[in-house]
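Here is the structure we will look at.
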Amino acid sequence: MKKIIYILVFAAAFSCKEEVKQVETIETENTTTEMQTNLDKYVNVKLTTDLSVLSDKERQMLPILISAANKMNDLFWYEAYGDCDALLADIKDEDTKKYVKINYGPWDRLANNKPFVEGIGEKPKGANFYPADITKEEFETAEMENKSSLYNFVRRDNDGKLYTIPYHKKFEAEVKEVSNLLLEASKLAEDAGLKKYLELRAQAVLNDEYQESDFAWMDMKTNTLDIVIGPIETYEDQLFGNKAAHEGYVLIKDQEWSAKLAKFSSFLPELQKGLPVEEKYKKEKPGTDSDLNAYDVVFYAGDCNSGSKTIAINLPNDEEVQLKKGTRRLQLKNAMRAKFDKILIPISNVLIDESQRKHVTFDAFFENTMFHEVAHGLGIKNTINGNGTVRTSLKEHASALEEGKADILGLYMVEQLHKKGELTNDLKDNMVTFMAGIFRSVRFGASSAHGKANMIRFNFFNQMGAFTRNSNGTYTVNFEKLKTAMEMLSQVILTYQGDGDYEGVAKFVKNYGSIAKELQSDLNRLSDANIPVDVVFEQGVETLGLE
């Protein structure tokens with residue numbers, strides 16, 4: 001039978017991770033191979049935006065920033081796998097090579113890191129941040145310099161003794177190039193805040209001291225161009241959740257949409273006080289200097305470009321910066337719209353009861369995603385019993401629990417702002433869209449913090465009767481029970497975080513963090529309907545018409 005397959009045509013931009021340039025559609029009589037089925041999990045999306053909002057100097061800066069971000073690809077390849085050139089050289093099948101490039105390695109990020117290359121075993125929990133044979137006990141008892149730093153690798157010497165090597169030493173040549181590019185861009189910057197940030201970030205990549213540049217990034221208010229670059233998220237380290245991975249985004253602010261969103265961060269202190277948890281778990285005051293803005297993203301690289309793609313950002317992750325300044329929440333509007341149109345609507349047509357499909361709307365999807373990022377600023381960053389930060393106390397479970405907190409408190413914020421009259425659309429839109437969003441994100445699998453968070457929420461909601469599964473395999477939201485489940489899950493997560501209860505969280509994740517057979521059969525129906533799981537980007541200077 002005829003099968004339409006998508007052949008990604010790559011142009012070599014650097015050694016391991018090529019920039020996707022175009023997509024050709026070809027009809028063939030061949031039956032579908034397993035690797036073609038894997039590639040069909042992704043739908044191609046062109047990352048473009050209106051460049052007329054940029055000044056001449058900003059247009060000159062854009063290719064430079066893209067070049068700097070692009071260099072994060074090689075660094076992340078090393079962190080996620082190791083020697084990518086050797087891996088790709090041993091693979092003869094072109095479809096397998098393409099899938100390796102999407103995953104930055106031989107493990108399927110949408111299938112709980114299942115290996116898909118012959119001769120490759122399980123992915124080490126610590127990726128390439130640690131020796132593959134290291135145990136938690138060995139790491140915890142070893143004496144090493146700055147062993148818990150976000151910004152170093154753990155290695156063995158010839159005698160088997162563990163030691164650390166900072167990122168800026170391991171990647172000395174690469175970060176020097178990145179630094180030079182950021183300085184080159186800073187000379188063209190007309191916005192004083194952006195100029196200062198680029199100069200400080202150029203220095204930070206050379207010594208792995210990022211706090212000063214994080215503060216400068218928070219102080220930027222009037223810039224249109226933006227870049228997020230460096231070792232940032234710790235999702236890739238599933239051994240301890242402690243080592244940050246390199247990534248880069250290049251962004252263009254949508255000033256009109258951002259103006260509409262600006263007021264919502266001001267509600268954080270009030271919403272913090274009203275959290276459905278004991279007073280001792282909400283004593284911290286969220287930073288009041290937080291920004292909430294909408295952007296079009298024009299380039300992804302490294303960690304954020306691997307497997308499932310980010311559609312919103314909440315940074316910095318530095319707890320000191322968060323408590324003093326808050327965070328910036330960046331809604332990636334063009335990427336968000338692509339996932340809504342190409343993935344969420346088709347999912348809803350299969351799994352949401354027909355009577356409630358009208359409640360799946362882009363405005364609700366945008367709000368739910370936006371307030372997820374805002375909700376990262378709620379709750380608690382430091383444990384209430386002297387166990388250090390929530391992140392260090394909960395180790396490898398910290399990311400999944402934090403994403404779960406942000407999801408559920410984001411919906412809580414939507415409900416509270418509806419009560420205040422600040423949001424005026426139908427709250428049912430947010431709830432049904434939220435439910436559809438669970439089906440979208442749970443397909444990312446347990447190797448993703450977001451996927452695991454959605455598994456936990458689905459199982460918790462199911463236990464609370466927040467939805468019913470109909471005889472035809474669709475789901476209907478029970479609005480009142482969903483509100484109750486939302487409050488109870490919020491209380492559970494905030495309490496675990498405040499207590500820094502590692503053992504309790506481990507049991508919670510084990511009990512709720514798996515996909516039941518019935519849900520898996522429903523997810524299989526989405527695959528049978530050829531609904532993609534995520535997106536792969538056609539991006540870069542040529543796509544933007546800058547060549």
- Query: What size of dipole, in debye to the nearest 20, comes out for the chain about its Cα centre when the only charges are +1 on Lys and Arg C-beta atoms and -1 on Asp and Glu C-beta atoms?
  - Reply: 1300 debye
- Taking Rh as the Kirkwood radius computed over C-alpha pairs, what is the Stokes-Einstein D of region 205-262 at 37 °C in a medium of viscosity 0.692 mPa s, expressed in µm² per second? 243 µm²/s
- Query: Which whole-number percentage describes the relative contact order of the chain, with Cα contacts under 8 Å and a sequence gap of 6 or more?
  - Reply: 17 percent
- Query: Are there trypsin sites (Lys or Arg not before Pro) in region 220-261 that DSSP puts in a loop and that have at most 14 other Cβ atoms within 10 Å, and which ones?
  - Reply: Lys221
- Return Val53, Val505, Val298 ranked ascending by Cβ neighbour count within 10 Å, so the fewest neighbours appear first. Val53, Val505, Val298
- Loop-resident sites, region 126-232, for GluC sites (Glu not before Pro), counting at most 16 other Cβ within 10 Å (DSSP): Glu143, Glu145, Glu190, Glu209
- In nm, what is the difference between 0.36 nm times the number of residues separating Asp341 and Lys170 and their Cα-Cα distance? 57.4 nm
- With a Förster radius of 30 Å, plug the Cβ-Cβ distance of Ser471 and Asp426 into 1/(1 + (r/R0)^6) and report the FRET value to the nearest 0.05. 0.65
- Query: Contour minus end-to-end for Thr389 and Glu140, with contour as 0.36 nm per residue of separation and end-to-end as the Cα-Cα distance?
  - Reply: 87.9 nm
- In deg cm²/dmol, rounded to 500, what helix-only [θ] at 222 nm does the chain give when every DSSP H run of at least 4 residues adds -39500 (n - 2.57) and the total is split over its residues? -13500 deg cm²/dmol
- Task: Indicate, rounded to the nearest 5 percent, the antiparallel portion of the DSSP beta bridges found entirely in the chain.
- Result: 80 percent
- Take the Cβ-Cβ distance between Asp133 and Asn112 as r, set R0 to 22 Å, and report the resulting FRET efficiency rounded to the nearest 0.05. 0.55
- For His246, His376, order by how many other beta-carbon atoms lie within 10 Å, fewest first: His376, His246
- Item | Gyration tensor (Cα) of the chain, equivalent ellipsoid semi-axes in angstrom | 31, 29, 26
- Under 13 Å, Cβ to Cβ, from Lys170 - net charge with Lys/Arg +1 and Asp/Glu -1: -1
- Task: Please give, to one decimal in nm, the separation of the simple spin-label points placed at Glu518 and Lys221, each 7 Å out from Cα toward the Cβ.
- Result: 5.3 nm
- When Trp257, Trp217 are ordered from fewest to most other Cβ atoms inside 10 Å of their Cβ, what list results? Trp257, Trp217
- Compute the FRET efficiency between Arg59 and Lys358 as 1/(1 + (r/R0)^6), taking r as their Cβ-Cβ distance and R0 = 35 Å, and round to the nearest 0.05. 0.25
- Count charges around Glu373 for me, please; just the other residues with Cβ under 14 Å from its Cβ, Lys/Arg as +1, Asp/Glu as -1. -2
- So, counting K/R as plus one and D/E as minus one, what does the shell of residues with Cβ under 14 Å around Arg357 add up to? -2
- Compute the distance in nm between two label points, each set 7 Å from the Cα along the Cα-to-Cβ direction, one at Glu487 and one at Glu279. 1.9 nm
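Every number here is computed from the coordinates shown, using simple stated rules; none is lab data. None of the values given here were measured: they were computed from a predicted structure. In this analysis, Cβ positions are derived from the backbone assuming ideal geometry, glycine residues included, and neighbour counts consider all displayed protein chains.
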